[in-house]
Amino acid sequence: MFTQFESVHNSNEEAIFGKVLDAAPGYPKLAGDPELLADVACVALNRLPPRYIRHKVDMDFYMSADERRRREAAVKAAVEFAFGFVQSRLAARG
């Protein structure tokens, strides 16, 4: 049996990556450093439960408008927290 697992992914990744890139200009100490932005994405993803899908259309089809709004709010809150967390760790390092 041959199974293609590479099509399976956490649907929150795309949403988090996009929000991190959108919000980055508001955090000039982090915005120019791809390593720190990756850290922000990791912190944000770890604040959300994973939602595994194979195709984006799967999420779009099965989520209600209310679920989409809640998910968007959760993604936004996770990214805001993550930027604050990474920024505070950076400041603590000196």
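The values are calculated or read from the model by the stated rules, or taken from the named source; none is laboratory data. These numbers come from a predicted model, not from an experiment. Ideal geometry is used to build each Cβ from the backbone, glycine not excepted, and the neighbour counts take in all protein chains shown.
Residues in the range 71-94 that are assigned to a helix (DSSP H, G or I), farther than 17 Å from ASN46 by Cα and at pLDDT below 95: LEU90, ALA91, ALA92, ARG93.
Total residues in the range 1-13 satisfying the condition of being in a helix (DSSP H, G or I) and surrounded by fewer than 16 Cβ atoms within 10 Å (Cβ to Cβ): the figure is 4. With respect to LEU48, determine if the residue is in contact with a strand residue (DSSP E or B) (Cβ under 9 Å, 6 or more places away or on another chain) and either of a type outside the set (Lys, Arg) or at positive phi (or both). Taking the combined requirement at face value, the residue satisfies it. Residues that are over 16 Å from ALA74 (Cα atoms) and either aromatic (Phe, Trp, Tyr) or in contact with a helix residue (DSSP H, G or I) (Cβ under 7 Å, 6 or more places away or on another chain) (or both) within the range 14-40 comprise ALA24, PRO25, TYR27, LYS29, LEU30, ALA31, LEU36, LEU37, ASP39, listed in sequence order.
Residue-wise test of (1) crowded, with 17+ Cβ neighbours inside 10 Å; (2) touching a strand residue (DSSP E or B) at 6+ places or on another chain (Cβ under 9 Å); (3) part of a helix (DSSP H, G or I).
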{"residue": "ALA15", "(1), (2), (3)": "yes, no, yes"}
{"residue": "GLY18", "(1), (2), (3)": "no, no, yes"}
{"residue": "ALA23", "(1), (2), (3)": "yes, no, yes"}
{"residue": "GLU35", "(1), (2), (3)": "no, no, yes"}
{"residue": "ASP39", "(1), (2), (3)": "yes, no, yes"}
{"residue": "ALA44", "(1), (2), (3)": "yes, no, yes"}
{"residue": "MET59", "(1), (2), (3)": "yes, yes, yes"}
{"residue": "GLU67", "(1), (2), (3)": "no, no, yes"}
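Only one entry in SER64, SER11 is touching a helix residue (DSSP H, G or I) at 6+ places or on another chain (Cβ under 7 Å) and either acidic (Asp, Glu) or over 13 Å from ALA82 (Cβ atoms) (or both), namely SER11.
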